[in-house]
Each structure stands twice: as structure tokens, then as C-alpha cells.
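The values are calculated or read from the model by the stated rules, or taken from the named source; none is laboratory data. Bear in mind that the values here come from a model prediction, so they are computed numbers and not experimental data. Cβ atoms come from the backbone with ideal geometry, glycine included; neighbour counts cover every protein chain shown. When the accessible area is computed, the model is the full protein with side chains, heavy atoms only, and any ligands, DNA or RNA have been set aside. Shrake-Rupley method; radii C 1.70, N 1.55, O 1.52, S 1.80 Å.
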Amino acid sequence: MADARFEDADEGPLWLGAADAEDLKVLASLVQDAVFPITDMTFSRSRREFAILLNRFRWEDRAAAEAAGRPYERVRAMLLVRDVQAVRSQGIDRSDRDTILSLLDVAFEAGVDGTGRLILTLAGDGAIALEVETLDVALRDVTRPYTAPSRKMPDHGA
């Protein structure tokens, strides 16, 4: 049975990569205000990959939605970071499996030898720091867009 949420979806899903700080700024703007359950993030030491399955607001479609008078959309997307050496978190209760995290920003702090730290800033003073050998981040939509449950865009109280 077809899912009515996806009938009017764009054909091409978003698929971006970031290998430098400028690319990462674009990617970070698209995942701002994404939400995800704590159980939807994982780190594979053997593959040296950190992944999050998140629900992101479709910032790239905001203006078109407003112009057409249609509801705002979200989409499920995978954020994948490769060449990860270590993962550290702060301000996150990993024992509470019902925790929903909100991603505010993604930034890169370059090291002197080509390595660096990718910082995922979360609402509520939480953060995830990924020690990486190289900056290799990918964002890929994995479902078609669907109407945001609130029918609103994220609001920062401004």
C-alpha cells in the first residue's frame, strides 16, 4: 500500500559529502534542528564509522513551501562520519533509552597534522566529539519527505 505522505515528494533525495570546512558548513545548515532518539546513533570501531539516523527539517525546501502555501517537511536522513578514531560525549544520559536529542550545529576543529575533531552540538548543553583522522562526512536522505508533524518550522524563540 502506498504511503500518502510521499505522493508529492521530490524524486531526488539529498546526498551530500563534506571533505573540508566549507562543505561542512553547508551540510551543518541542513541538519540544524534535526532530532533523533539516542538509540539511533552508533559507533563501529572496526569500521571506524559513526552514524546517526535523524529526522531533519528540509531547510532547502522552506522557501518553496512558503511560496506554494504547503506545509513544511521533514525527512529521515543518515549522517555518516568516516575515519573516526574515538567518540566522546558530554551532557548526554546514555542510560535513558527514551532520550530524544536535538542537533544544533556541526563544526570541525582542525588539528596540526591533518586530523581533527568534529563537534556535534546538542540542545541542553550536550555534545558529541568525534576524533577523526580526516574530515569525511556524508548526509543522505533515506526516505521521501513527509509533512512535519507540527506543520511548523523549527523555532528558536527569536
Discussion item. Which numbered condition in (1) within 12 Å of the chain's Cα centre (by Cα); (2) open to solvent by less than 70 Å² (accessible area, probe 1.4 Å) is the only one that residue 26 fails?
Written reply: (2)
Response to the item:
residue 35 meets each of (1) part of a strand (DSSP E or B); (2) out of contact with any Lys or Arg (no Cβ under 9 Å at 6 or more places or on another chain); (3) not small (Gly, Ala, Ser) with one exception, condition (2)
Item to complete: For segment 103-122, indicate whether the set of residues that are farther than 18 Å from residue 25 by Cα and of a type in the set (Lys, Arg) is non-empty.
Response: no
Practice prompt. State whether one or more residues within segment 41-59 are surrounded by fewer than 13 Cβ atoms within 10 Å (Cβ to Cβ) and at pLDDT below 95.
Written response: no
Worksheet item: Looking at segment 134-141, is at least one residue among the basic types (Lys, Arg), at pLDDT 90 or above and touching a Pro at 6+ places or on another chain (Cβ under 9 Å)?
Response: yes
